[in-house]
Amino acid sequence: MSVASSKIALVTGGGTGVGRAIAKALGAAGYKVVISGRRADVLQKAAGELGKETGAEFLAVPADVGEPAAVRALFDAVSEKHGRLDLLVNNAGINVPNVPMEELSFEHWNTIVAANLTGAFLCTQQAFRLMKSQNPRGGRIINNGSVSATTPRPNTAPYTATKHAITGLTKSTALDGRDFDIACGQIDIGNASTDMTKKMAAGVMQANGSLAAEATIDASHIADAVVYMASLPLSANVLTMTVMATQMPFVGRG
């Protein structure tokens, strides 16, 4: 699958894990890709490696998406380098170790909300401004929702709350973008194999309090789904898609 080489994509959290896999797949599909994240050294290394692996053009722009000034600077860099943006993938996000709700600190709550929800909103806001004004007008936004956008794991209130909220942001963005040729969809990811999910092989707490090993899938399957969503004309949109390991217990949680 290929796209016009003039298309520009921005992937937040693009230096590692699922974000890196998405960035690689987009580069292989012909996009010029901007990756952002908080760690400049990780981003620069990833951009160099991804460029060699795909032959595509990658630009690393460090940014904390929870900070409005940093997000403005990120989009200024995209506009200055490429003059437009065709695809924003709101992938950046974090979690904290699972603890009972009454033990969760206010600082941890705010940190997760800033990274997972406020960051997606701030990037969407800047993408709207750019996509409305560019010529040709419009573009696509894809949000990483996670299966926690519909069903929680135990002791994950902040993460689950932000991912449920991402669904609302996705729907509002899809509605508000209609008149400006801006499409918005959401991919809900279940157990993609990354450094963050290695612990799943040793056991993850289930709704009944037991521990059970869970199946994972290669992150490339997530990336391929994002490339498909991005390949559609702006007159068509995948509003929501779930890509998950067949054997993970998600469908029967509880």
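The values are calculated or read from the model by the stated rules, or taken from the named source; none is laboratory data. Treat the numbers as computed from the prediction; the structure is a model and nothing was measured. Every residue, glycine as well, gets a Cβ built from its backbone with ideal geometry; the counts of neighbours run over all protein chains shown.
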Discussion item. List the residue pairs whose Cβ atoms are under 8 Å apart, where the first residue sits in segment 38-57 and is under 18 Å from A25 (Cβ atoms), the second is surrounded by fewer than 14 Cβ atoms within 10 Å (Cβ to Cβ), and the two are 6 or more positions apart or on different chains.
Written reply: none
Worksheet entry | Answer residue from segment 190-225, given it is part of a loop (DSSP other than H, G, I, E, B) and within 17 Å of the chain's Cα centre (by Cα) and is modelled with the highest pLDDT among those | N191
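Return yes or no: is N90 touching a residue at least 24 places away in the same chain (Cβ under 8 Å) and either under 27 Å from Y228 (Cα atoms) or polar (S, T, N, Q) (or both)?
Yes, satisfied.
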Fill in: Condition met for V71 (under 29 Å from K163 (Cβ atoms), in contact with an Asp or Glu (Cβ under 9 Å, 6 or more places away or on another chain), among the aliphatic types (A, V, I, L, M) and in contact (Cβ under 8 Å) with a residue 12 or more places away in the chain)
yes
Item to complete: Those residues that are in a helix (DSSP H, G or I), under 24 Å from V61 (Cα atoms) and charged (D, E, K, R), I need them from segment 99-158; list them, please.
Response: R129, K132
Discussion item. Please pick out the residue among V42, V34 that is modelled with pLDDT of 95 or more, within 17 Å of R140 (Cα to Cα) and not in a loop (DSSP other than H, G, I, E, B).
Written reply: V34
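Please find, among V34, V18, V42, the residue that is over 21 Å from T118 (Cα atoms) and of a type in the set (V, I, T). Give the steps one after another, and end with the answer.
Working: V34 fails: over 21 Å from T118 (Cα atoms); V18 fails: over 21 Å from T118 (Cα atoms).
On inspection, the qualifying residue turns out to be V42.
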Worksheet item: Filtering segment 199-234 down to residues that are over 19 Å from R20 (Cβ atoms) and touching a Gly at 6+ places or on another chain (Cβ under 7 Å), which residue is surrounded by the fewest Cβ atoms within 10 Å (Cβ to Cβ)?
Response: L211
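Just to be sure before I move on: is V251 in a helix (DSSP H, G or I) and exposed (fewer than 15 other Cβ atoms within 10 Å of the Cβ) in the structure I sent? Quick ask: steps written out before the conclusion?
Numbers: in a helix (DSSP H, G or I): yes; exposed (fewer than 15 other Cβ atoms within 10 Å of the Cβ): yes.
Criteria met by V251.
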